[in-house]
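A.B. asks: This structure is in structure tokens; I'll ask about it shortly.
The values are calculated or read from the model by the stated rules, or taken from the named source; none is laboratory data. Computed from a predicted structure; not experimentally measured. Cβ sites come from the backbone with ideal geometry, for glycine too, and all protein chains shown count toward neighbours. Just the protein is used for accessible areas: all its heavy atoms, side chains included, with ligands, DNA and RNA removed. Shrake-Rupley method; radii C 1.70, N 1.55, O 1.52, S 1.80 Å.
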Amino acid sequence: MEKVYQPKKYEEKIYRLWEKSGFFNPDKLAKRKKTYTISIPPPNVTGSLHMGHALNSAIQDILIRFYRMNGYRTLWLPGIDHAGIATQNVVEKELKKEGLTRHQLGREKFVERVWQWVKQYGNLIIEQFKKLGCSCDWSRQRFTLDKEYAKAVEFAFIHYYKKGLIYRGPRIVNWCPRCETAISDIEVKYQETKGKLWYIKYKFKIQNSIVVATTRPETMLGDTAVAVNPNDERYKNLIGQKVVLPLVNREIPIIAHPLVDKEFGTGAVKVTPAHDPIDWQIGKEKKLAVINVIGPDGKMTQEAGKYAGLSVLKAREMIIQDLKNLNLLEKEEEYTYNIALCDRCHTPIEPQISTQWFLKMKELAKPAIEVVRKNKIKIIPQRYKKVYLNWLSRVEDWCISRQLWWGHQLPVWFCQNQKEKFIVSLKKPLKCPFCGRCKMQQSEEVLDTWFSSALWPFATLGWPKKTKDFKKFYPTDFLSTAQEILYLWVARMVFSSLEFTGKIPFKSVYIHPTVLAISGKRMSKSLGTGVDPLEIGEKFGFDAVRMGLIYQISRDQQAFKFDERTILASRNFINKLWNIARFIKISTKKDSKFKIQNFQLKSLTLFDKWILSRINTIIDSTTKKIKNYQFGEAIRELYDFIWHEFADWYLEISKIQMENIKTKDSTLFILYYSLFNILKLLHPFIPFVTEVIWQQFFAQKFLMMENWPKINKKFINKKVEEDFKKIKSLIVEIRNWRKEKNILPQEIIEYQINKPEKIFSENKEIIEKLAKVKLNCS
RNA sequence: GGGCUCGUAGCUCAGUUGGUUAGAGCGUUACGUUGACAUCGUAAAGGUCGCCCGUUCGAGUCGGGCCGAGCCCACCA
């Protein structure tokens, strides 16, 4: 064994050995009865390992390794998400470098390109998981667009449709007039912009007027109401009356709606259901007409009358001028607001009405609420339970269609002659049931990525087929994830699972803390605040990355600032562990007659009894802490114990005890006993180095497959621990005395222990020697 | 705007039912290459536990208020 542990020399080698052993695969553990299953939250295929992944996979691997050592048949099922929008964007950017757009390529060719990209780069993150030591069963790896998985997705869609839970209808979407596509909320970026707020008079038929404030006067052409807050005293008596829309001369009603803010502008707001999400919602509730005045190309439509064909900005200019001329513009103010931009091309978003597919949520949400309310699924930390329940209890219907090319195409077939007629079917119908002659065409749309990942925990096990895996490993035991996808993903898995399997998808959900930059800001590439776990791993080893991250989490915290110094501290600790093992190995070599198997516990010293008691206490608390998901607490306790009790004290004591023939063998035995238990306790946290050390002692065996230590209660002895504390303070006393008298360590001048306790007199020799060891300053 | 979290040593953080002298790592200072380890050891300096009020024999810990930092969600005419 070298003086310094070199992770680079061992980590890859050990991982290959593990993989070769086959023990990541539960089929190799078939004799075991109890199972423990985790489905990995599938990273995006475009993804690269970031701190969140590193932390999350460390957590999952700790549990998998812990339960594997506890005799469970463990399955950690890995996989990757096709991540619709994200992936499509990446490939589009690639194309752009070649001067191509996806439209030039055509759908089929484009999708082919994406697959190529996936094959080339899609496995990068998997390799990175391996670097971290994740003991996933790679033979069961899944991708959300695999053929089998795609079937499950279509099956789910058809099931919902047949049950009447899926419907088609108009909805307002974020529309990018440059890309000419609807984009998702995630793709919309908000940017603070200085603009103007215009106050426009809408006149009543006879006299007076009501003034509305807007940043987008051009949309007024599509106004179908003016809304005020129902509790606004100023306008109460106007509700129900009509005003004349300027320039257009259409009569529109004044309505009341709680979404209107009394404080904003004049407290009266124009309602344009066709071009604003909130207005759309108000319009839906109040059954207002929807008038489209801006087309998909960003130009004014025929409905805009004399402004038709103008760009939005040009129309705005003219309208302001016209209003001024009519003396209908009361005033204009400087105003700063968040403008919605397309993430890709920075064009302002034009909300547009389009036809989309929806999943009715009300009925599905009910059981998903129940299982969490009744703690059938436990959410940790508990406070997220409220967040989950809150969201589900007022969830709206889920828009599941996306106008993208990369994803699961809807299993919906349209008649070519009667464009609005369609059937829902797994296979392409041979004959069109509507016109009887056309070749039916599949819907061009794809499903929201989350629709497929909602099926993840069971679809990865072969559902809807009743596979052996599904029967054996479902429901899964544990899901660990980041807080921001509690609704996007977790809630959706819960109701999907209840609907399709009748079971909960997992027993516990653990929301891990967010890893922030040391500045306290979110880690993000675009902010330049990201820290790359791979770089740090190359520098300090991946055990250290795992341990350093875990070291920083505690109880119910929601975030922590990533501190590289904990990785350094972990690296140092790992080296300390290495040298503890090295010391024990060297000590054994000196005594070639020693055989651990032959040894029996007898004639133990106080110090032996003390460390035995401590180790068994630690076994107990580490076990409990891992079971309770207190990973940070567990590793911090192990760190303190191993360094500051076992190494600082027992190892020093053992050197003295091994000089004495009477205590030599028992001391060596205790050293072994301690080391082996320590290695086992640490293995889930730092699997590589513990395995490397283990193999220094047992070349043919895997620590990964060893039994988790069992607490031996008869070793726990509080009296001994108390006695040891007393001895410790006596040693400090002696040390200080020697220091005062300026006695060098090698000088044999004895301290007169003038205390009557037996433990002092009985251990006089060791105490005095220890005091010398601890006195190493001049 | 809604929800949530945090404020303890120069920095990053522990401190589980309120109870002696508030801990660790890094950093700083001094000393030390003692056969496991300098990725180490021994020690030292460094804290009115954000501020105010309350409950209590007793508060870093419980309650209320204030100030400050940040996370998540929603996104505003």
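A.B. asks: Is at least one residue of the range A:38-52 closer than 25 Å to A:GLU564 by Cα, of a type in the set (Gly, Ala, Ser) and in a helix (DSSP H, G or I)?
C.D. replies: Scanning the range A:38-52, I find at least one residue that is closer than 25 Å to A:GLU564 by Cα, of a type in the set (Gly, Ala, Ser) and in a helix (DSSP H, G or I), so the answer is yes.
A.B. asks: For the range A:291-395, give me every one of the strands (runs of 3 or more DSSP E) that falls completely inside it and has 2 or more residues that are within 23 Å of A:PRO170 (Cα to Cα).
C.D. replies: Here the list reads A:329-342, A:352-359.
A.B. asks: Looking for something modelled with pLDDT of 95 or more and open to solvent by 30 Å² or more (accessible area, probe 1.4 Å) - is there at least one such residue anywhere in the range A:490-498?
C.D. replies: The answer is yes, given that some residue of the range A:490-498 is modelled with pLDDT of 95 or more and open to solvent by 30 Å² or more (accessible area, probe 1.4 Å).
A.B. asks: Which ones in the range A:446-468 are crowded, with 21+ Cβ neighbours inside 10 Å, in a loop (DSSP other than H, G, I, E, B) and touching a Leu at 6+ places or on another chain (Cβ under 7 Å)?
C.D. replies: Result: A:THR460, single match.
A.B. asks: On the given criteria, is A:VAL228 out of contact with any Leu (no Cβ under 6 Å at 6 or more places or on another chain), closer than 17 Å to A:ALA340 by Cα and not small (Gly, Ala, Ser)? Show your work before the answer.
C.D. replies: On the way: out of contact with any Leu (no Cβ under 6 Å at 6 or more places or on another chain): yes; closer than 17 Å to A:ALA340 by Cα: no; not small (Gly, Ala, Ser): yes.
No, not satisfied.
A.B. asks: Only one of these is under 18 Å from A:SER354 (Cβ atoms), at pLDDT below 90 and under 42 Å from the mean Cα position of the chain (by Cα): A:ILE282, A:ILE278, A:ILE294. Name it.
C.D. replies: A:ILE278
A.B. asks: Could you list, in sequence order, all residues of the range A:262-287 that are open to solvent by less than 30 Å² (accessible area, probe 1.4 Å), in a loop (DSSP other than H, G, I, E, B), under 18 Å from A:ILE239 (Cβ atoms) and more than 10 Å from RNA strand B (Cβ to nearest atom)?
C.D. replies: Across the range A:262-287, there are no qualifying residues.
So that you can scan it fast, the table gives a plain yes or no per residue for (1) within 21 Å of A:ALA544 (Cβ to Cβ); (2) in contact with a helix residue (DSSP H, G or I) (Cβ under 8 Å, 6 or more places away or on another chain):
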| position | (1), (2) |
| --- | --- |
| A:ASN616 | no, yes |
| A:ASN628 | no, no |
| A:ILE635 | yes, yes |
| A:HIS644 | yes, no |
| A:TYR650 | no, yes |
| A:SER654 | no, yes |
| A:MET658 | no, yes |
| A:THR663 | no, yes |
| A:ASN677 | no, yes |
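A.B. asks: Those residues that are free of Cβ contacts under 8 Å to residues at least 40 places away in the same chain, surrounded by fewer than 16 Cβ atoms within 10 Å (Cβ to Cβ) and hydrophobic (A, V, I, L, M, F, W, C), I need them from the range A:422-437; list them, please.
C.D. replies: Residues satisfying the conditions are A:ILE423, A:LEU430, A:CYS435.
A.B. asks: Report the residue count in the range A:565-587 for those that are over 26 Å from A:ILE670 (Cβ atoms) and loosely packed, with under 14 Cβ neighbours inside 10 Å.
C.D. replies: Here the count works out to 1.
A.B. asks: Quick one: would you say A:TYR149 is modelled with pLDDT of 90 or more, more than 15 Å from RNA strand B (Cβ to nearest atom), touching a Lys or Arg at 6+ places or on another chain (Cβ under 9 Å) and open to solvent by 40 Å² or more (accessible area, probe 1.4 Å)?
C.D. replies: Judged against the criteria, A:TYR149 is not a match.
A.B. asks: Kindly indicate which of A:THR690, A:THR663 is modelled with pLDDT of 95 or more and part of a helix (DSSP H, G or I). Walk me through how you get there before you give the answer.
C.D. replies: Working: A:THR663 fails: modelled with pLDDT of 95 or more.
Selected residue: A:THR690, the only one of A:THR690, A:THR663 that is modelled with pLDDT of 95 or more and part of a helix (DSSP H, G or I).
A.B. asks: Only residues that are crowded, with 19+ Cβ neighbours inside 10 Å and near RNA strand B (Cβ under 9 Å from one of its atoms): list them for the range A:170-215, please.
C.D. replies: A:TRP198, A:VAL212, A:ALA213, A:THR214
A.B. asks: Hey, can you tell me all the residues within the range A:739-778 that are at pLDDT below 75, of a type in the set (Lys, Arg) and more than 10 Å from RNA strand B (Cβ to nearest atom)?
C.D. replies: If the condition is that a residue be at pLDDT below 75, of a type in the set (Lys, Arg) and more than 10 Å from RNA strand B (Cβ to nearest atom), then A:LYS741, A:LYS755 are the ones that fit.
A.B. asks: I've got another one for you. Would you mind listing the helices (runs of 4 or more DSSP H) fully within the range A:78-128 where at least 2 residues are under 30 Å from the mean Cα position of the chain (by Cα) and touching a residue at least 40 places away in the same chain (Cβ under 8 Å)?
C.D. replies: A:84-97, A:107-121
A.B. asks: Sticking with this structure for a sec: Consider A:MET300 carefully, then state whether it is surrounded by 14 or more Cβ atoms within 10 Å (Cβ to Cβ) and near RNA strand B (Cβ under 10 Å from one of its atoms). Break it down stepwise before answering.
C.D. replies: Working: surrounded by 14 or more Cβ atoms within 10 Å (Cβ to Cβ): yes; near RNA strand B (Cβ under 10 Å from one of its atoms): no.
No: the conditions fail for A:MET300.
A.B. asks: I've got another one for you. Can you find, within the range A:329-365, the residue that is surrounded by the fewest Cβ atoms within 10 Å (Cβ to Cβ) among those that are within 27 Å of A:THR301 (Cα to Cα) and among the polar types (S, T, N, Q)?
C.D. replies: Ranking the qualifying residues of the range A:329-365, first place goes to A:ASN338.
A.B. asks: Here's a follow-up. Yes or no: the range A:182-201 includes at least one residue that is of a type outside the set (Ser, Thr, Tyr), assigned to a strand (DSSP E or B), more than 30 Å from A:LYS362 (Cβ to Cβ) and touching a helix residue (DSSP H, G or I) at 6+ places or on another chain (Cβ under 8 Å). Don't jump to the end; show me each part of the working.
C.D. replies: Within the range A:182-201, the subset of a type outside the set (Ser, Thr, Tyr) is A:182-183, A:185-189, A:191-192, A:194-198, A:200-201.
Those left that are additionally assigned to a strand (DSSP E or B): A:182-183, A:188-189, A:191-192, A:194-198, A:200-201.
From what's left, more than 30 Å from A:LYS362 (Cβ to Cβ): A:189, A:191-192, A:194-198, A:200-201.
This time we only want the ones that are touching a helix residue (DSSP H, G or I) at 6+ places or on another chain (Cβ under 8 Å), so: A:198, A:200.
Within the range A:182-201, one or more residues are of a type outside the set (Ser, Thr, Tyr), assigned to a strand (DSSP E or B), more than 30 Å from A:LYS362 (Cβ to Cβ) and touching a helix residue (DSSP H, G or I) at 6+ places or on another chain (Cβ under 8 Å).
A.B. asks: If I ask for residues that are open to solvent by less than 20 Å² (accessible area, probe 1.4 Å) and touching a Pro at 6+ places or on another chain (Cβ under 7 Å), which ones from the range A:23-55 would you list?
C.D. replies: A:SER39, A:ILE40, A:LEU49, A:MET51, A:ALA54
A.B. asks: Among the numbered conditions (1) more than 17 Å from A:ALA58 (Cα to Cα); (2) near RNA strand B (Cβ under 8 Å from one of its atoms), tell me where A:GLY528 comes up short.
C.D. replies: Failed condition: (2).
A.B. asks: Still on this structure: Confirm whether A:ILE711 is within 15 Å of RNA strand B (Cβ to nearest atom) and either out of contact with any Leu (no Cβ under 7 Å at 6 or more places or on another chain) or not in a helix (DSSP H, G or I) (or both).
C.D. replies: So A:ILE711 does not fit the description; no.
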